[in-house]
Amino acid sequence: MRNVTKEIFLNTTVCPTLGWLLRSEEEVELLSEEARTLGEQFRIEQGLEIHRRARQLYPDGKLVAPNNKTAMQEETITLMNDPSVNTILEATFVIDDYITKADVLKRKGKGWHMCEVKSSVNDKEEFIDDMAYTTMVFNQSGYNITGVSLLLISKDYRLGMSDEELFIEIDHTDEVLARAGEFYAVLFDYVKTITGAPTKPQPELRRDCKNCPLFGDCIGMDIINHILEIPRLSQPKFEQLREQNITCIEDIPDGFPLTENQSRVRACVISQQPFIGDQLKDDLLNILWPAFYLDFETVMTAIPLYPAIAPHTQLPTQYSIHILSDINNILDHREYLADPSRDCRRDLAEHLINDLEKSGSIFIYSSFEKTTITKLGQLYPDLTNQLNLLIERIVDLEAIIKKSYYHPGFHGSTSIKRTLPTLVPDMSYDDLEITEGDSALGAFAYLAQGRYSAGNEAETIKRNLLEYCKRDTLAMLKLHQKLYENRV
């Protein structure tokens, strides 16, 4: 059986069943290498690079060599007991079934100051729990953590600056030591005992279950219309339903207090018929032709890809536009893909203005495209008026669906990944090399870093990116056509 890691410990505090599964020898591949998107793989690699650069801040630091856990702990103890060693990198401890690793340990009097490295520019509450777990395990090993700080990416960092300018340090000693004390007092024995039990704990339904990747194989198994699919279900209403042992939407009794939208979902599930609002017809007919269907792809990285850009800046890198002369006739398709070697936002904005012409409705799906255009207008004041004119023409197809259409196959979501297979089942992304946005992000980031060989390989990736974005706008117009067919 595996040792209790930080991931296992923190997941067990929320769901003992998940913690048990993560620790057991059963195959639980939540983020197996095979299941990672290209974007996830890129972020993992960038995280490793950030940790490498953080270690450069401590030239006197002694790095614990990667090895088996016993050897790493022995090396850590040897270094901690050597008074000539002031800084240890990747210090590792195993005690009472727990294992942990500290990014940086600095000797401070009779104790140690721990630094945790994160790839974020924003301080987050969850980081306190991360550091508290490591502090708890180290303190139980007999080595006192007396100070704790967080190394975050500086918002002021720009490409080409030194490693010292990449990071900012934030002290969190008081919060972390207090949380570590709570963890030890309440959870230290509980977590190792329950995750080490011979049988899996019985799962308990929580609102958090909805976002668990194991939900469909766990407490949500064989429930087609789960109450967690009810949009914006409050905690008090959830508790009322759970107390009545109601897990299926169709079992919610008449008279149970639901909002108008929640009642609509329940009615559609019971009748197995879609809801078509009175406003749908007008919204679909109030279109100026030709209509343009717009989708952006973006890239966002912790270490900037280009000069003069802050960490985690979201950069639009490509777009696709399908143009319809009327609801049934595709007139044209236009697209743009940035040169990965440079920041092309202005060039993209200028091409966008030209490709969307002077008139005609511009369909988007969610507010993301509108936000992206707004940010381009803020970045380039001389283009603001032209970009604002584009915004005035925007029609949000998802907003129309949310207001006037619901299908029981949506299962509580109006994302295009849910609405498309429900309304246009013969259309998918399965034949593409890039099938979702996170992989598109990763592919472009790798292009910008020169990770693909020049020539055929890089050109193939570019074609794959264009085909994926093109499929997104084709999906949008197909949804529009299907809704038009269903209008009353």
Any hit, region 475-487, residues being surrounded by fewer than 16 Cβ atoms within 10 Å (Cβ to Cβ), polar (S, T, N, Q) and assigned to a loop (DSSP other than H, G, I, E, B): no
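One line per residue, one yes/no per condition, for (1) closer than 30 Å to Ala308 by Cβ; (2) in contact (Cβ under 8 Å) with a residue 24 or more places away in the chain:
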| residue | (1), (2) |
| --- | --- |
| Met114 | no, yes |
| Thr135 | no, yes |
| Ser154 | yes, yes |
| Arg158 | yes, yes |
| Ile168 | yes, no |
| Arg179 | no, yes |
| Asp189 | no, no |
Subset of region 439-469 [under 19 Å from the mean Cα position of the chain (by Cα) and either at pLDDT below 95 or of a type in the set (A, V, I, L, M) (or both)]: Ala440, Leu441, Ala443, Ala445
Pick from region 333-369, criterion hydrophobic (A, V, I, L, M, F, W, C) and part of a loop (DSSP other than H, G, I, E, B), ranking: nearest to Leu387 (Cα to Cα): Leu356
Condition check for Pro311: touching a helix residue (DSSP H, G or I) at 6+ places or on another chain (Cβ under 6 Å) and in contact (Cβ under 8 Å) with a residue 60 or more places away in the chain: no
Positions within region 251-270 being free of Cβ contacts under 8 Å to residues at least 12 places away in the same chain and either in a loop (DSSP other than H, G, I, E, B) or assigned by TED's automatic domain parsing to the domain that holds Ser413 (or both), in sequence order: Pro253, Asp254, Gly255
Within region 195-214, considering residues that are surrounded by 13 or more Cβ atoms within 10 Å (Cβ to Cβ) and modelled with pLDDT under 90, the one farthest from Asp97 (Cα to Cα): Lys210
Tally of residues being assigned to a loop (DSSP other than H, G, I, E, B) and either in contact with a Phe, Trp or Tyr (Cβ under 6 Å, 6 or more places away or on another chain) or surrounded by 17 or more Cβ atoms within 10 Å (Cβ to Cβ) (or both) across region 59-71: 2
Arg334 touching a Phe, Trp or Tyr at 6+ places or on another chain (Cβ under 7 Å), modelled with pLDDT of 95 or more and farther than 18 Å from Ile287 by Cα: no
Residue in region 112-119 that is buried (at least 20 other Cβ atoms within 10 Å of the Cβ), at positive phi, in contact with a strand residue (DSSP E or B) (Cβ under 9 Å, 6 or more places away or on another chain) and part of a strand (DSSP E or B) present: no
Residue check, Tyr157 closer than 30 Å to Ala448 by Cα and either over 28 Å from the mean Cα position of the chain (by Cα) or hydroxyl-bearing (Ser, Thr, Tyr) (or both): yes
Hey, Ala54 part of a helix (DSSP H, G or I) and under 23 Å from Thr173 (Cα atoms) or not: yes
Test result for Thr419, surrounded by fewer than 17 Cβ atoms within 10 Å (Cβ to Cβ), among the hydroxyl-bearing types (Ser, Thr, Tyr) and assigned to a helix (DSSP H, G or I): no
Filtered residues of region 442-474 (kept if among the hydroxyl-bearing types (Ser, Thr, Tyr), assigned to a helix (DSSP H, G or I) and closer than 21 Å to Thr301 by Cβ): Tyr446, Tyr468
Single unsatisfied condition, Leu79 versus (1) touching a helix residue (DSSP H, G or I) at 6+ places or on another chain (Cβ under 6 Å); (2) in a helix (DSSP H, G or I): (1)
Filter result (small (Gly, Ala, Ser) and in contact with a helix residue (DSSP H, G or I) (Cβ under 6 Å, 6 or more places away or on another chain)) within region 259-277: Gly277
From the options Thr173, Thr134, residue that is among the polar types (S, T, N, Q) and buried (at least 18 other Cβ atoms within 10 Å of the Cβ): Thr134
Enumeration of residues in region 369-392 that are surrounded by fewer than 17 Cβ atoms within 10 Å (Cβ to Cβ) and within 23 Å of Leu288 (Cα to Cα): Lys370, Thr371, Thr374, Thr384, Asn385, Asn388, Leu389, Ile391, Glu392
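The values are calculated or read from the model by the stated rules, or taken from the named source; none is laboratory data. Everything numeric here is computed off the predicted structure, so don't read it as measured data. Ideal geometry is used to build each Cβ from the backbone, glycine not excepted, and the neighbour counts take in all protein chains shown.
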